[in-house]
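See structure below.
The values are calculated or read from the model by the stated rules, or taken from the named source; none is laboratory data. None of these values were measured; they are calculated from a predicted model. We place every Cβ from the backbone using ideal geometry, glycine too, and count neighbours over all the protein chains shown. These area figures cover heavy atoms from the full protein model, side chains too; ligands, DNA and RNA do not enter into them. Shrake-Rupley method; radii C 1.70, N 1.55, O 1.52, S 1.80 Å.
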Amino acid sequence: MSSMAETVSPTATTLLIQGLFLSPGHNFFGHHGGPAGKHPMLPVAAMECVAGRGVRGDRFFDYKPDYNGQITFFSLEVFAALQRELGLPDARPEAARRNVLVTGVDLNALVGFEFALQGVRFFGTEECRPCYWMDRALGPGANVWMRGRGGLRARILSDGILRPTRSLDT
């Protein structure tokens, strides 16, 4: 990471972790032209972030050095808008296959910035772009709808544990 990187610090009052998810295997990544995998996104009470390696137990852990998607974030507000605007009331946020479901932040604003969450430091590398599989995972039209709002891919800069700020049921 360049020393030119700027740092922003979302506060606990604005950025809340609503859910954490891991998957031991790939359902869509590397499956082009074939069937989707059947690895579930497992909700977890805590997530171990390992600097430079990823999220312990997740399919991208130790994928390759400096991988831009060591951890992924998705906005619950964006997901709620997707459900409403595409008429997908039964869609589940974990179907987007992102690790951390958050509220209270524009994730695109974190691209190119270092930020901290619950004492763990991250660097926002790029938008977590949707692919054609989103229409199958979430519902018709999701791929196009999610362009520009698919979430955030980030590198993990320091070790630490993330926990939900509050449950999805509250």
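Need one number: % antiparallel among DSSP beta bridges in region 69-163, to the nearest 5. Mind dumping the intermediate values first?
Numbers: 12 of 16 bridges.
Within region 69-163, antiparallel bridges account for around 75 percent of the total.
In square nanometres, what is the average projected area of the Cα convex hull of region 107-164?
Values: hull surface 18.4 nm².
Average projection, Cα convex hull of region 107-164: 4.6 nm².
Roll a 1.4 Å probe over the protein chains and send me the accessible area per residue for region 64-106 in Å². List each step's numbers first, then the result.
Values: 1830 Å² over 43 residues.
Solvent-accessible surface per residue comes out at 43 Å².
Could you work out how far apart the two model spin labels at residue 106 and residue 46 are, taking each label as a point 7 Å from the Cα in the direction of the beta carbon, and quote it in nm?
According to this spin-label approximation, the distance is 3.5 nm.
Which of the three applies to region 49-106, rounded, prolate or oblate, going by the alpha-carbon gyration tensor with a ≥ b ≥ c and a/c under 1.5 meaning rounded?
Details: a/c = 3.31, a/b = 2.35, b/c = 1.41.
Prolate.
Report, in debye and to the nearest 20, how large the dipole of region 74-170 comes out about its Cα centre when Lys and Arg carry +1 and Asp and Glu carry -1 on their Cβ.
On the way: 13 positive and 11 negative charges, 33 e Å.
Using only the charged Cβ atoms, the result is roughly 160 debye.
Classify region 31-170 from the C-alpha gyration tensor, please: rounded if a/c falls under 1.5, else prolate or oblate depending on whether a/b exceeds b/c.
Working: a/c = 1.57, a/b = 1.36, b/c = 1.16.
Cα axes put region 31-170 in the prolate bin.
Return the long-range amide H neighbours of residue 42 (sequence gap of 5 or more, or a different chain), with a cut-off of under 5 Å between placed amide H atoms.
22, 23
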